[in-house]
Amino acid sequence: MTQRTTVLVVGAGPCGLAMAAQLSRLGVEVTVVDAESRPHTGSRAILLWPPVREVLGELGLAERAARDAVRPAALHYHLGTGGSVRVPLSEVNAPLVLPQERTARLLAETLADRGVDVAWGTRVTDVVPGEHTVTVTATRADGGTTEIEADWVVGADGLRSQVRAQLGIDFSGARFPATFLLAEGRIAGKTGTGETGDGGNGTGESGTQGISTEEIHYFLADAGVALLAPLPGGEFRLSGAVPAGTEATAEHAQALLDERGPGGLRFTEVRTVTLFSSDERVAGALRSGRCFLVGDAAHVHSPIGGQGLNLGIPDTRNLAWKLAGVVHGRLHESILDSYDPERRAAIAQTLQATGRMARQAVAGPLARRIRDLTWRLLAGSGALARGYAPMLAGWRSHYPDVLFGAPADRTQRSRPRPGTRDPRWIPRPSDELAGRFQLLTYGGPTGQLAATAAELADRLPELVAHFPLDGPKQRFVLLRPDGYVAASGGADRFPGVAAQLAALAPAPSSPAATAR
């Protein structure tokens with residue numbers, strides 16, 4: 001017997017669960033399978049930067065995530081040549097620190113609330129694309145097989161993706177030449193002007209050697225770089241590149257803390273310690289017909305900078321609204337062609353940034369001195385707060401080929417450029433607006449621009465929602481459902497943009513348009 005579904009998501013990590021939850025919110029039937037026998041455990045990715053927080057907010061999970069997480073006030077870099085640099089994290093730039101298993105649990109719970117359960121112990125063994133459907137064969141834990149016929153398949157099954165392998169998609173790249181040690185547990189002790197109590201629950205002030213439990217610390221020591229980050233429940237994560245021959249033991253974790261940390265700190269309990277390596281790889285194609293790759297199935301990179309979920313979950317956000325629009329007949333199927341080039345650009349930007357940070361982490365003596373001097377200069381000029389924090393927070397991610405093509409009117413610097421994200425322009429997260437473009441017009445509700453925009457929204461109610469706002473000039477900003485700017489400009493540009501927006505909808509006689 002063949003199981004039938006609209007979208008099959010393979011993989012129930014955070015990216016697969018986020019993909020399924022967004023599709024379900026958008027009214028798309030979805031099935032989720034995972035080869036593992038039970039949910040993944042362990043902290044793994046812990047930083048939820050603004051793009052991830054926005055998705056959680058749209059799914060109604062923002063308050064629960066914030067309640068369970070640590071919200072760091074700053075990134076604190078302790079320089080090996082002396083002194084330190086502190087990068088404040090404003091509300092628009094700050095991540096939440098939350099272990100990956102808790103993030104996945106929140107997503108799984110909201111998915112279950114929508115009536116979608118994960119089929120655990122179901123390993124994909126064959127993927128056969130067709131013109132209108134994809135047939136997937138999976139082996140269950142009891143040894144039986146399941147055949148699933150899906151209109152669309154999303155591979156979210158990680159580094160060793162079976163979906164990617166079955167489709168014959170290349171995964172080129174190289175292994176980063178370093179091994180990392182990661183330990184989590186409770187820390188106690190005093191250091192400089194800072195203090196942590198038993199379990200790391202102290203509130204010490206930040207100093208040259210001080211350890212604040214409200215900051216993420218990076219120690220740029222001569223022996224190498226070490227990360228020390230507070231976790232929920234009073235624990236800390238310690239991580240750093242280590243020499244060959246290092247073992248995953250509590251003793252080696254303490255040695256790493258002693259060698260690169262501020263001194264005076266000790267692990268009172270090590271709950272977990274492990275060694276891992278990282279690759280820098282990108283799939284040769286993110287789409288193959290009716291199949292797509294997201295998350296680690298599409299790309300992997302250095303963990304430095306905590307950009308894993310900040311890259312993977314926006315994959316799902318980019319794809320979910322487009323796929324839902326096609327399924328419901330609101331959007332022409334050609335819009336799915338934009339997924340690969342847009343996300344490939346974001347992947348390249350992230351790989352460049354994490355690669356640069358990773359190389360700094362294993363820099364030699366001369367490069368370390370140059371690095372420390374550069375950090376001091378950037379901090380003194382304010383460039384770190386203006387540029388570095390927004391880059392980590394995902395605000396500098398941009399798409400080179402946006403759907404509407406034409407650039408914004410650059411004579412008005414306050415207008416957001418197409419293909420960018422801007423914290424001043426965020427789509428309203430209500431379920432009623434989910435999957436729709438949000439058109440903001442300025443100049444009041446009675447002007448010609450507002451009237452023209454209102455007419456467009458009335459004509460395409462499932463595609464665009466209009467919000468007239470006050471302002472001294474007649475201008476508009478069109479936001480995509482995933483938070484990127486689609487177009488912006490003055491009233492003279494709007495007719496062309498309105499025509500391009502209308503062109504995204506399928507012709508009335510097309511199969512997609514009559515699928516609803």
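The values are calculated or read from the model by the stated rules, or taken from the named source; none is laboratory data. All figures in this text were calculated on a predicted structure; none of them were measured in a lab. Glycine gets a Cβ as well: all are built from the backbone with ideal geometry, and neighbour counts include every protein chain shown. Heads up: the accessible areas ignore ligands, DNA and RNA and are worked out on the full protein's heavy atoms, side chains in. Shrake-Rupley method; radii C 1.70, N 1.55, O 1.52, S 1.80 Å.
Condition check ((1) in a loop (DSSP other than H, G, I, E, B); (2) open to solvent by less than 30 Å² (accessible area, probe 1.4 Å)) across all residues:
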residue: A66; (1), (2): no, no
residue: L75; (1), (2): no, yes
residue: H78; (1), (2): no, yes
residue: G82; (1), (2): yes, no
residue: V85; (1), (2): no, yes
residue: V92; (1), (2): yes, no
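Here is a yes/no grid of residues against (1) modelled with pLDDT under 95; (2) open to solvent by 10 Å² or more (accessible area, probe 1.4 Å); (3) not in a loop (DSSP other than H, G, I, E, B):
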| residue | (1), (2), (3) |
| --- | --- |
| V477 | no, no, yes |
| D482 | no, no, no |
| G489 | yes, no, yes |
| V497 | yes, no, yes |
| A505 | yes, yes, no |
| S509 | yes, yes, no |
| A513 | yes, yes, yes |
| R516 | yes, yes, no |
### Enumeration of residues in the stretch 450-504 that are in contact (Cβ under 8 Å) with a residue 24 or more places away in the chain and acidic (D, E)
E462, D470, D482
### Criterion (open to solvent by 50 Å² or more (accessible area, probe 1.4 Å) and part of a helix (DSSP H, G or I)) met by exactly one of A389, A379, A385
A385
### Task
Tell me, yes or no, whether the stretch 105-120 has at least one residue that is among the hydrophobic types (A, V, I, L, M, F, W, C), over 22 Å from G483 (Cβ atoms) and in a helix (DSSP H, G or I).
yes
#### Entry: Total residues in the stretch 429-441, condition modelled with pLDDT under 95 and either of a type in the set (S, T, N, Q) or not in a helix (DSSP H, G or I) (or both)
2
### Summary
Among (1) in contact with a strand residue (DSSP E or B) (Cβ under 7 Å, 6 or more places away or on another chain); (2) farther than 15 Å from T122 by Cβ; (3) not in a strand (DSSP E or B), G173 falls short only on (3)
### Query
Taking the condition within 29 Å of G435 (Cα to Cα), in contact with a helix residue (DSSP H, G or I) (Cβ under 7 Å, 6 or more places away or on another chain), assigned to a strand (DSSP E or B) and open to solvent by less than 50 Å² (accessible area, probe 1.4 Å), does V55 pass?
no
### Task
Take the residues in the stretch 130-151 that are assigned to a strand (DSSP E or B) and out of contact with any Ser or Thr (no Cβ under 7 Å at 6 or more places or on another chain), then tell me which one is surrounded by the fewest Cβ atoms within 10 Å (Cβ to Cβ).
T135
### Query
How many residues does the stretch 144-162 contain that are of a type outside the set (D, E) and either on the phi > 0 side of the Ramachandran plot or over 21 Å from the mean Cα position of the chain (by Cα) (or both)?
8
#### Entry: Residue list for the stretch 458-475, restricted to those being surrounded by 18 or more Cβ atoms within 10 Å (Cβ to Cβ) and of a type in the set (G, A, S)
A465
#### Entry: Of residues in the stretch 208-258 being under 29 Å from the mean Cα position of the chain (by Cα), without any contact (Cβ under 8 Å) to a residue 40 or more places away in the chain and farther than 16 Å from L182 by Cα, the one least open to solvent (accessible area, probe 1.4 Å)
T213
### Task
Please tell me if G42 is at positive phi, small (G, A, S), open to solvent by 10 Å² or more (accessible area, probe 1.4 Å) and touching a strand residue (DSSP E or B) at 6+ places or on another chain (Cβ under 9 Å).
yes
## Note on the structure
Residue set L323, L286, L256; condition in contact with a Lys or Arg (Cβ under 9 Å, 6 or more places away or on another chain) and among the hydrophobic types (A, V, I, L, M, F, W, C); output residue L286
### Summary
Going through (1) open to solvent by 20 Å² or more (accessible area, probe 1.4 Å); (2) under 15 Å from R164 (Cβ atoms); (3) in contact with a Gly (Cβ under 8 Å, 6 or more places away or on another chain); (4) among the charged types (D, E, K, R) one by one, R330 fails only at (2)
### Task
Would you confirm whether any residue within the stretch 398-420 is within 17 Å of G496 (Cα to Cα), modelled with pLDDT of 95 or more and more than 24 Å from the chain's Cα centre (by Cα)?
no
### Message
For the structure I just gave you, tell me whether V116 is in contact with a helix residue (DSSP H, G or I) (Cβ under 8 Å, 6 or more places away or on another chain), surrounded by fewer than 22 Cβ atoms within 10 Å (Cβ to Cβ) and of a type in the set (V, I, T).
### Response
yes
